[in-house]
Amino acid sequence: MAGPSFPPACLALADGSVYRGAAFGAAGLGVGEVCFNTSLAGYQEILTDPSYAGQLVAMTCTQIGNVGVNREDEESRRPFLEGFVVREVFHQPSNWRSEESLHAYMERHAIPGISEVDTRALVRRIREGGAQCGALSTDPRQQDAEALVRRAAEAPGLDGVDLAARVSCETPYEFSEGRWQGIRGGVPAPTRPDRRYRLVAFDFGIKRNILRLLVEQGFEVTVVPAGTSADEALALRPQAVFLSNGPGDPAAVVGVRDTVRRLAESLPIFGICLGHQILGLALGGRTVKLHFGHHGGNQPGQDLATGKVAICAENHGYAVDADSLREAGQPVEITHRNLNDGTVEGLAHAALPLFSVQYHPEASPGPHDAAYFFRRFRRMVELHAAGEPVTGAGVAASAAGPGD
Amino acid sequence: MPRRDDIETILVIGAGPIVIGQACEFDYSGSQGCKALREDGYRVVLVNSNPATIMTDPEFADRTYIEPMTVDSLSRIIARERPDVLLPTLGGQTALNLAVALSEEGVLDHYGVKLIGAQIDAIHKAEDREAFRTAMENIGLELPASGYARSLDDARRIVKETGIPAIIRPSFTLGGTGGSVAYSEEDFGPMVEWALRQSPRGTCLVERSVLGWKEYELEVMRDTADNVVIICSIENFDAMGVHTGDSITVAPAQTLTDREYQEMRDAAIAIIREIGVDTGGSNIQFAVNPEDGAMVVVEMNPRVSRSSALASKATGFPIAKIAAKLAVGYTLDEIRNDITRETPASFEPSIDYVVTKIPRFAFEKFAGVEDVLTTQMKSVGEAMAIGRTFKESLQKAIRSLEIDRSGLESPEDLPPGLEGLWSAIDTPRPGRLWALAEALRRGAGIEELWRRSGVDPWFLGNLQDLVRLEAELAAAQGEAERIAWLREAKRNGFSDLRLGQLWGIEEGEVRALRKAQGLRPVYKRVDTCAAEFEAHTPYLYSTYEEECEAQPSQRRKVMILGGGPNRIGQGIEFDYCCVHASFALREAGIETIMVNCNPETVSTDYDTSDRLYFEPLTLEDVLNIVEVEQPEGVIVQLGGQTPLKLAVELERAGVPILGTSPDAIDRAEDRERFEALLDELGLERPPAGIARSPEEAMAVAERLGYPVLVRPSYVLGGRAMEIVHDEESLVTYMRNAVKASPEHPVLVDRFLADAIEVDVDALCDGERVVVGGIMEHIEQAGVHSGDSACSIPPHSLTSNVIDDILAATRDLALKLGVRGLMNVQYAIKEERVFVIEVNPRASRTVPFVSKAIGRPLAKLGALVMAGSSLEELGFTQEIWPTHYSVKEAVFPFVKFPGADTLLGPEMKSTGEVMGIDSEFGRAFAKSQIQAGNSLPVSGTVLVSVRSEDQPRVLELVRDLAAMDFELMATPGTAATLRAGNLEVREVAKVGRGGDELRDTVECIDAGEVDLVINTVDSDPEAVRDSASLRRSALLRGVPYFTTVAAVRAGVGAIRALQAESIGVRSLQQIHGLVEA
């Protein structure tokens, strides 16, 4: 009997719930923690954000693939996520920059995708039950729901797994591409201040737009692997250190804490997302796993110094525990909070030139409201290089917020 | 920052009558705003001339003025109420322009009234095209090349630079009024002149056309702490060149990469800061070149707009309410999101569905008007639908429109082949969507269709998917195969009706097949946050997915069916009734479930009812909700014809209908049953008959005698109703205007010439009948009741006639077994009362009557339907107010180049205003001012009337002469006036002038005429000859009367105006709720 025919796909969660749909992208199996992202645009940047390593990402936006995929919008060298879950996917993209369909791109990078899923039901399940693992099969021979549920239940999840090491670059490299101006194509030439500062950026899964914004602020950026030691980093004679975003459990990123503590003795440091959590850990704090995390482009991040609210791109499943920092006796100030749930979103040290942010001021995808962090970092490094006494909390307090 | 404590009284200006470009979305915004401000303890003074609004209900403000929206009238209100601040951003362009005028004339300064929300500077920068351009250049944003013209010469100089086609946009007008697209040099001159005349400032912009670029809108909000959020992005299906109000629009934006979207977002934030809108919402439009992503700013509205209403309904974020809170000092992070309860309003909504809005047009109402869509808005309403995908939401939106389409049917009357389709695709018209689908069906390529129409390939690709699926479905023969396709079809939004068409079976059979498969829609919530947080508001839409979030309660509950998209004949009045019913039943402890698909309305606010289903009002969609909710009853008599026409089938499907039974409704609608009823009651009606063919019609007309009034049965708003004077016109009507058939008979009535028409709204609980109001029409019978001005109490009826009307109304209501509201239309001729029609449902005059008598008829009606008696409700006596209330209709003629302004049996008005005063003349005068027909107290009257009216007009004109008016008349009329010893300047009829004698149009254009009195024989030639006279008066803003009855009322009004200037009174005072 004829009827609509789709290549079958099945997503099973550890709790036993099963979602059947149509396969796209690569044929295969993806196992990982299921998270959902509420961004309305920018699926390609999400797909190529290394922070999603080890995860199956469900998009709440129902129309995915509309604008295809292009080289300019890749946030890293390839997608690292385990699978992509959508309501509807388009194979005939429409956008002047589109080079390839999403389906073809994912197939090329061996990422399985499932469409025709009641993604809202999936989101509600995760919201109610918390983050859990899932198994996505787009292999027509592997559609047995029970087997997939078992795979999901047996999956190790993110806790305690050092995923940063898996996505980090293997050797150091320099980055000199500048910030995008407008949306016209082509590799943008750097536009940066005359006075330059050497910066070492630890790659735990770094996004290209972070690097572009650092270049724009006048940094000469050397990206180094996650496992780079303090001595190796110092050998590059940096004037500042950046700790990048990245996937998974910050507590599992081993060794880096000591490195950061060493570097913090002499250098100004700025951390984003996983980098922020690592800084918190290095300062003696703890991180906690959130119920289902923050993944989206519409989160309210308040700068406590000014009261101003930036609409932020966020992507994290863990957060720094505010009490733990107080207990550790470090003079650390909480500078930013998420207004939805009050979680810590920004830290600044009251004695050292250190600050960090939980969300993504580099956006891409997401709003540019919080881009001021990069300017703030530049100012802190300038002062520090000039030998002036400067602290993270000092620059946070003197800043005027989004406009500064 | 918490609320401002330095403010006590806030003046809110509403948007006035419903006109094209400014519809009930401003009732939604105004009522939300007023509610929010009062919740915060402010004293709210509201001014709005539109009685059919929820916001003008006395409980929505501390003082409500249904008074003229002029500087003069506002000044009096300000002097009386002494507000501290004026909030001008909730009442559309009307409120904004009034605020500017009040400021410029020094009224605000004089009384120390400050503006909140937006300051004059910001309004000026956003509205003045030149200032806006400068502002955009300051922040490095591009606009299409343009120049600012104060004269035609200016404009010609500019267009040399910017080129043809050119967009012409007058400054300070609403809905693009006066705007056009000039495709040739010849069109350019007249279009510029038209634009300059339409602009209150006499200026316009001549702009390089970016036709074919993609069009976007962002809804932006800002607070006093300079936090800015984007509430919603909207992408237009129709490319630049079609007014966004006339475009199919989709939320969220679909064809932007994040990089493009964020650039637009940055621009929007920079714009709201640069323009300096202090707080609240703004709407900013952009155009994007599909070839290279280049972006230009199109325009900005520094206020809550039509798109804000759409964005609110599309996201669940209450923009108007939040705008009001921000205006009094709150910041976004201090305001809670009602839907999630836990999170603040300082976020950007994320949506996990697609919203599609399709405009609804009324070109069929305006003979001779071209239905081409341009930069001037012409649609009269819109339907919105929510689906998980664009395909689903598009198909739901189509069936929400109620234009006899249940999907992407092949359009009728299009020539075969592809060549025949191109003109329907190259030029935007209301039916282009269906032409595009047909072209795809006939094998056209997406690329070619994109080049021709400018519609983005993504949308076209979706249409192609639907067309292909349709072909697969059509090929599915046999039950098993159909069942195999059913789920896929439903997930893509196909209605049962459309599937029935494709399969050649009845809708009911598809339904049965579907239910046998257990295939039912689920309901998902609109929650602002894509399910990230729990939603506490049951704002629901249907889709075919796995999980249902309806969670119906076990309470006592009633479902109210709304009125669907606004159209001429069915507008805000019916929404008002539905909202009232919901309020009343909630107060009575009954859960209310609202079903509607009109995003402009108060009924589709998530907090109006206990539960809101944003769904099409079709049998399928309503039955699906009934199955989930199991209400104790459904109210169909408040939403106009839309729910009423579902009544019989709903009842057949076992759905309990509250109030008057569908059988009683049928008894009133079915001509033969109705006649039997009247005979039984001994009531008179104009002699009449029914015709199912042209031959039958001729026979009936012969028996009755000409003129006859002809119309199809079961219509609202006088659709296709005509007065026919001879056999030839009758045959033409039967052949062309309607396609009469046994199922669709045509009603033929003897036309009672010069009768007075009367409308009655009454309530009946089965035992008792109480008349709410008797409205005497100003215009004589033959003018549609919706287009006629009317007065409560009647201004000329004798007490005998009134007694007869009361008795007849009681008999009819009791005999029909009405439970709830009923409307009866009578014609009075020579003291005899004829019943014209009975509608056992809410009528469009219910809000007007309620405001005139100070009793909420719709609320009472709803409670009666739910089982209360009128005695229990304390409404047992007619109320005879001591003041006069006059309702006047407002027309969209100015939007339709070429439309005649003559009134007839086909309704053409879009809205209404209300004038209240202690004396009829003054009340009528107020209503005329409000309707934009400001009567002069001195000057020259041009009189040109048909011969049979001349004797009757003579005495009225004599009165005007006695009031020191100069007279001007066309030859025939002039002779009559002279014979009556009046001094008159003779002018030629249109086109008959010469060197010595100028014609009427020339005199009007020269500004020599202050009032026009023009009646005309109904033969088409006479109408055509004089049309340019009326058109000219309309365009020059010269008040005009086209019926003798209106002249009579007008003369009285002018006398009242001469005697003393007009005062203002609040509704609360008029109803005795507060002391004078």
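The values are calculated or read from the model by the stated rules, or taken from the named source; none is laboratory data. Predicted model, so just to flag it, every value in this text is computed and none were measured. Quick reminder, even Gly has a Cβ in these numbers, built from the backbone with ideal geometry, and neighbours come from all protein chains shown. Heads up: the accessible areas ignore ligands, DNA and RNA and are worked out on the full protein's heavy atoms, side chains in. Shrake-Rupley method; radii C 1.70, N 1.55, O 1.52, S 1.80 Å.
3J(HN,Hα) couplings calculated from phi for the range B:746-753 with the Karplus curve 6.51 cos²θ - 1.76 cosθ + 1.60 (θ = phi - 60°) are, in sequence order, 10, 8, 10, 10, 5, 8, 8, 5 Hz; Gly and Pro show x.
Could you tell me the relative contact order of the range B:936-998? Use alpha-carbon pairs under 8 Å, at least six residues apart, and round to a whole percent. So the answer I get is 32 percent. Cα-based radius of gyration for the range B:525-566, normalised by 2.2 N^0.38 Å, reads 1.42. The charge dipole of the protein assembly as shown, taken about the Cα centre with unit charges on the Cβ atoms of Lys, Arg (+1) and Asp, Glu (-1), comes to about 1960 debye, rounded to the nearest 20. Under the criterion of Cα pairs below 8 Å and six or more residues apart, the relative contact order for the range A:164-398 equals 16 percent. The P(r) of the range A:266-404 has a tail past 25 Å containing 19 percent of all C-alpha pairs. DSSP bridge analysis restricted to the protein assembly as shown gives an antiparallel fraction near 65%, rounded to the nearest 5.
Label positions at B:Thr134 and B:Leu418, each projected 7 Å from the Cα along the C-beta direction, are separated by 5.2 nm. Got a sec? Charge dipole of the range A:164-398, +1 on Cβ for Lys and Arg, -1 for Asp and Glu; which of A:Gly227, A:Ile272, A:Leu214 is way out at the positive end? The listed residue farthest towards the positive side: A:Leu214.
When the range A:164-398 is described by a simple charge dipole with +1 on each Lys and Arg Cβ and -1 on each Asp and Glu Cβ, the residue from A:Thr391, A:Asn338, A:Tyr372 located farthest towards its positive end is A:Tyr372.
Amide H contacts of B:Ile836: B:Gln825, B:Tyr826, B:Ala827, each under 5 Å away and 5 or more positions distant or on a separate chain (H built 1.01 Å from N in the peptide plane; Pro and chain starts excluded). About its Cα centre, the range B:960-1066 has a charge dipole of approximately 440 debye under the convention of +1 per Lys or Arg Cβ and -1 per Asp or Glu Cβ, with nothing else charged.
Rolling a 1.4 Å probe across all protein chains gives B:Met907 an accessible area of roughly 10 Å². Annotation: aspartates and glutamates with alpha-carbon distance below 16 angstrom to B:Lys114 (same-chain offsets under eight excluded): B:Asp5, B:Asp6, B:Glu8, B:Glu81, B:Asp84, B:Glu104, B:Glu105, B:Asp278.
The phi-based Karplus calculation (6.51 cos²θ - 1.76 cosθ + 1.60; θ = phi - 60°) puts the 3J(HN,Hα) values of the range A:68-74 at x, 9, 9, 5, 5, 9, 6 Hz, whole numbers, x for Gly and Pro. Projecting the Cα atoms of B:Gln119, B:Gly563, A:Ala155 onto the dipole axis of the protein assembly as shown, where Lys and Arg carry +1 and Asp and Glu carry -1 at the beta carbon, places A:Ala155 farthest toward the positive end.
Give me the dipole magnitude in Debye, nearest 20, for the range B:189-253 about the Cα centre, with unit charges on the beta carbon: positive for Lys and Arg, negative for Asp and Glu.
280 debye
Across the alpha-carbon set of the range B:299-399, the Rg to Rh ratio works out to 1.08, Rh being the Kirkwood radius.
Straight-distance candidates among the aspartates and glutamates for linking to B:Lys829, with alpha-carbon spacing under 17 Å and chain neighbours fewer than 8 residues away dropped: B:Glu684, B:Asp749, B:Asp754, B:Glu757, B:Asp759, B:Glu776, B:Glu779, B:Asp803, B:Asp804, B:Glu837. In this structure, the amide hydrogen of B:Glu912, modeled 1.01 Å from its nitrogen in the peptide plane, lies closer than 5 angstrom to those of B:Ile18, B:Val890, counting only residues at least 5 positions away or on a different chain. Debye-formula intensities of the range A:60-137, expressed as log10 I(q)/I(0) at q = 0.28 Å⁻¹, are -1.38 (one equal scatterer per alpha-carbon, no solvent). Summed over qualifying helices (DSSP H, 4 residues or more, each -39500 (n - 2.57)) and divided by its residue number, chain B shows a 222 nm mean residue ellipticity of -11000 deg cm²/dmol.
If I take all pairs of Cα atoms in the range A:197-327, what percentage of them are more than 18 Å from each other? The calculated P(r) of the range A:197-327 puts 56 percent of pairs beyond 18 Å. Derived scalar couplings between HN and Hα for the range B:945-962 equal 10, 5, 4, 5, 8, 4, x, 6, 6, 3, 5, 5, 5, 4, 4, 5, 4, 5 Hz in order, rounded to whole Hz, by the Karplus curve 6.51 cos²θ - 1.76 cosθ + 1.60 (θ = phi - 60°), x for Gly and Pro. Both radii come from the Cα set of the protein assembly as shown: Rg as radius of gyration, Rh as Kirkwood radius; their ratio Rg/Rh reads 0.99.
The calculated Kirkwood hydrodynamic radius for the range A:8-154 is 14.8 Å, given to one decimal from all distinct C-alpha pairs.
Across the cross-link table entries B:Lys325/B:Lys859; B:Lys365/B:Lys859; B:Lys35/B:Lys887; B:Lys391/B:Lys557; B:Lys557/B:Lys859; B:Lys365/B:Lys645, which are compared at the Cα atoms, the separations over 23 Å belong to B:Lys325/B:Lys859; B:Lys365/B:Lys859; B:Lys35/B:Lys887; B:Lys391/B:Lys557.
So how do B:Lys378, B:Lys35, B:Lys160, B:Lys645 rank on accessible area, 1.4 Å probe, biggest first, that is with the largest at the start? Mind showing how you got there, number by number?
On the way: B:Lys378 15, B:Lys35 70, B:Lys160 165, B:Lys645 115 Å².
Ranked from most to least accessible, the order is B:Lys160, B:Lys645, B:Lys35, B:Lys378.
Roughly how many Å is it from the Cα centre of the range B:400-465 to that of the range A:87-103, as a whole number? Taking the Cα centre of each part, the range B:400-465 and the range A:87-103 sit 22 Å apart. Note on B:Lys321: aspartates and glutamates with a C-alpha under 14 Å away, same-chain residues under 8 apart excluded, are B:Glu25, B:Asp27, B:Glu39, B:Asp40, B:Asp223, B:Glu334, B:Asp338, B:Asp605, B:Asp607. How large is Rg/Rh for chain B, to two decimals, with Cα atoms and a Kirkwood Rh? My calculation of the ratio gives 0.94.
From the P(r) of the range A:164-398, can you give the percent of Cα pairs sitting at distances over 21 Å? Here the long-distance tail beyond 21 Å is 51 percent of all Cα pairs in the range A:164-398. Relative contact order for chain A: 14 percent, from Cα pairs under 8 Å spaced at least 6 residues apart, divided by residue count. For chain A, the convex hull spanned by the alpha carbon atoms encloses 128 Å³ per residue.
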